[in-house]
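All of the numbers you see were taken from the coordinates with simple rules; none came from a lab. Computed from a predicted structure; not experimentally measured.
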Amino acid sequence: MTTESTISIEPPPMAEENREPTSDRTKLIAKNLKKVRESRAISQRQFAKQLSVSPTLMNYYERGERRIPSDLLGDMAEFLECSVDALMGLTKAPRKYEPELPPEIKTLWKKFQLVIKLPEHDQRAVIRLINSVSKTKAS
């Protein structure tokens, strides 16, 4: 007669910061993080890649479902060119730099900011189009 033994598998340990339920402060940081990221015209996927975290985890951070580790919060602020205080809602985040330009160039500048939000393959297609038009005009 053989005896079956059961093996209990424990989930991998989570960082101490992520174990507790999220607080109002965590939700405020999430809201500010998303607002600043979007004001910089950076997609969530690009942001996650830059910070070496999965897009899924970044989504949890921006929805306030996971606490952001303090060292990652610092990296986020540095990449977004704002302070940790701004992400925490203690100060205002600086607006993204927009140079003083003539109206027609300012309109074009805004269009380029929209291109940044496109998927990478679409961004490459826009660049190819611009390159082909500029080569045609230069000839």
Quick numbers on the range 18-88, Rg and Dmax over C-alpha atoms in Å, give 10.8, 32
Checked against a 22 Å limit on the C-alpha separation, the offending pairs among Lys31/Lys117; Lys49/Lys110; Lys31/Lys111; Lys27/Lys92; Lys35/Lys92; Lys49/Lys117 are Lys49/Lys110; Lys31/Lys111
Here the gain from full extension of Arg128 to Lys49, 0.36 nm per residue of separation minus their alpha-carbon distance, amounts to 26.0 nm
